[in-house]
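The values are calculated or read from the model by the stated rules, or taken from the named source; none is laboratory data. As the structure is a computational prediction, the values presented were derived from the model and not from experiment. A quick note on method: Cβ atoms are made from the backbone with ideal geometry, for glycine too, and the neighbour counts reach across all protein chains shown.
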Amino acid sequence: MEFKDYYALLGVEPEADEATIKTAYRRLARKYHPDISQEKDAEAKFKEVAEAWQVLKDPDKRADYDQLRAMRSQQGGRGPFEAPPGWQPSGGGGFDPSGAGFSDFFESLFSGARQGGRGGPAPGRRGRDVEIDLPVFLEDTVSSETKPISFRLPEYNQYGELIGETTKSLNVKIPAGVSDGERIRLKGQGSAGVGDMPAGDVYLRIRLVPHPLFDVEGHNLIVTVPVAPWEAALGAKIEVPTLASPIKVSIPANSQSGKKLRIAGKGLPGKAGQGDLFVLLKVVMPPASSDEINQLWEQLAEKASFDPRAQWSR
Amino acid sequence: MASEVEVTVCTTELYQLVAISDQDLAELVGHGIAEPHDQQAVEWQFDEAAVAQITRAVRLRRELQVDWAGIALALELLDELEELRRENGALRRRLERLEE
């Protein structure tokens, strides 16, 4: 088992006073809190910091830890750690149950005190909730789809300690019209309760997978359609993809690049009715030119006498 | 979804779901972190989104050691940040389609 240097985890000196430790914890908690942080491994880092704080904020636990730390540095301070035979923490009242899920190192040092202090299993407690990100394809949101999902569920014993993980598989109905970030609650599918208490819930957080063709804005879809300069100039009837089958769309003559055409009712289903599809025109140049085509462009340049930057020179 | 039945939770049920005291719940509602259906009712009722918000607020309060006013502000800013990040990601993807 790895020896945890709680002082290093909080970035404080071993002689640091309580106020310094508290400030260090608060600062790191804000930095790594999984609800706030975008950093990779934020949750794991937050757990380490919370564990260090759990020990160092409590004078008795800190004294126990300091004693072990001193013993360890006398022995060279390297290699795996084992609690000394007959190790008994001196106590340190009040174990915060929110700390479940701490490291083996923490458990080997302080779990004796907790169980002794509690004198038996904890009273019944509702199982823990679990939150999972669920990637969903745009196509899956058009109609109600059933998706098989599987996720890891932490298992706790009667003391609320983490004892392992199980994998759970479910078929979930994704309601039509779900949007990015929406949460779906699966009642009673979370971790088992303690005693007679009910199991926790699972919350699925919908994450729309970016689509190669369509962008989403509320319940509207946007598709960027490349058109040739002459299609934009003369107008054209072109085929445009939708989430169902492709449709024919008329491009009016003299369309600018960036023009948006609205196709009613071809967006995503939503609470306030079906969204729309917006066709965004993007005028693109043909890839290569020949002498003949260049001559035609030159003719056009002469005839059109068009200055696209006329506004700049005003 | 409009077709789904809205689930509401009364305070008695809420206390089974979230570790929060009467007084803290009053504080939390007072700061507008979560709203009961009818604040004047004898027993408050919360919808699912409010329960999720209360759970989040209680966790942040315990783990960051910030007072309720700070939590209210933090949650508001976090929601705004998430919305802006989502919008920024979507706009970036749209911009990429226009750039060549």
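Out of curiosity, is A:A44 assigned to a helix (DSSP H, G or I), within 26 Å of the chain's Cα centre (by Cα) and more than 10 Å from every other protein chain (Cβ to nearest Cβ)? Give the derivation first.
Working: assigned to a helix (DSSP H, G or I): yes; within 26 Å of the chain's Cα centre (by Cα): yes; more than 10 Å from every other protein chain (Cβ to nearest Cβ): yes.
Considered against the rule, which asks whether it is assigned to a helix (DSSP H, G or I), within 26 Å of the chain's Cα centre (by Cα) and more than 10 Å from every other protein chain (Cβ to nearest Cβ), A:A44 comes out as yes.
Of A:P308, A:P226, A:P252, which residue is more than 14 Å from chain B (Cβ to nearest Cβ) and at pLDDT 95 or above?
Result: A:P252 is the single residue among A:P308, A:P226, A:P252 that is more than 14 Å from chain B (Cβ to nearest Cβ) and at pLDDT 95 or above.
If you take the residues in the range A:15-30 that are in contact (Cβ under 8 Å) with a residue 12 or more places away in the chain and out of contact with any helix residue (DSSP H, G or I) (no Cβ under 7 Å at 6 or more places or on another chain), which one is nearest to the other protein chains (Cβ to nearest Cβ)?
A:K22
Show the residue pairs that are 6+ apart or on different chains and have beta-carbon atoms under 7 Å apart, the first residue being within the range B:5-31 and among the hydrophobic types (A, V, I, L, M, F, W, C) and in a loop (DSSP other than H, G, I, E, B), the second being modelled with pLDDT of 85 or more and buried (at least 18 other Cβ atoms within 10 Å of the Cβ).
That search, which allows pairs on different chains as well, returns B:V18/B:I54; B:V18/B:T55; B:V18/B:V58; B:A19/B:V58; B:I20/B:I54; B:I20/B:V58.
Could you grab the pairs with beta carbons closer than 6 Å, sequence gap of 6+ or different chains, first residue in the range A:58-75 and among the hydroxyl-bearing types (S, T, Y), second one assigned to a helix (DSSP H, G or I)?
What qualifies is A:Y65/A:V55.
Checking A:G177 against (1) in a loop (DSSP other than H, G, I, E, B); (2) touching a strand residue (DSSP E or B) at 6+ places or on another chain (Cβ under 9 Å); (3) within 14 Å of chain B (Cβ to nearest Cβ), which test does it fail?
Unmet for A:G177, out of (1) in a loop (DSSP other than H, G, I, E, B); (2) touching a strand residue (DSSP E or B) at 6+ places or on another chain (Cβ under 9 Å); (3) within 14 Å of chain B (Cβ to nearest Cβ): (2).
One line per residue, one yes/no per condition, for (1) surrounded by 10 or more Cβ atoms within 10 Å (Cβ to Cβ); (2) closer than 30 Å to A:A176 by Cβ:
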| residue | (1), (2) |
| --- | --- |
| A:V249 | yes, yes |
| A:S255 | yes, no |
| A:R262 | yes, yes |
| A:D276 | yes, yes |
| A:L280 | yes, yes |
| A:E292 | no, no |
| A:Q299 | yes, no |
| A:D307 | no, no |
| A:S313 | no, no |
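Kindly indicate the residue of the range B:22-51 that is within 14 Å of chain A (Cβ to nearest Cβ) and surrounded by fewer than 20 Cβ atoms within 10 Å (Cβ to Cβ) and also modelled with the highest pLDDT among those meeting that condition.
If we take residues in the range B:22-51 being within 14 Å of chain A (Cβ to nearest Cβ) and surrounded by fewer than 20 Cβ atoms within 10 Å (Cβ to Cβ), then B:D47 is modelled with the highest pLDDT.
If I ask for residues that are more than 24 Å from B:T8 (Cα to Cα) and either outside any helix (DSSP H, G or I) or of a type in the set (A, V, I, L, M, F, W, C) (or both), which ones from the range B:48-68 would you list?
Answer for the range B:48-68, where residues must be more than 24 Å from B:T8 (Cα to Cα) and either outside any helix (DSSP H, G or I) or of a type in the set (A, V, I, L, M, F, W, C) (or both): B:L64, B:Q65, B:V66, B:D67.
Results for (1) surrounded by 13 or more Cβ atoms within 10 Å (Cβ to Cβ); (2) more than 20 Å from the chain's Cα centre (by Cα), shown as yes or no for each residue.
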site: A:I163; (1), (2): no, yes
site: A:L170; (1), (2): yes, yes
site: A:V178; (1), (2): yes, no
site: A:I206; (1), (2): yes, no
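Return the residue satisfying two criteria in turn: it lies in the range B:52-68 and is in contact (Cβ under 8 Å) with a residue 12 or more places away in the chain and of a type in the set (V, I, T), and of such residues it is nearest to the other protein chains (Cβ to nearest Cβ).
So the residue we want is B:T55.
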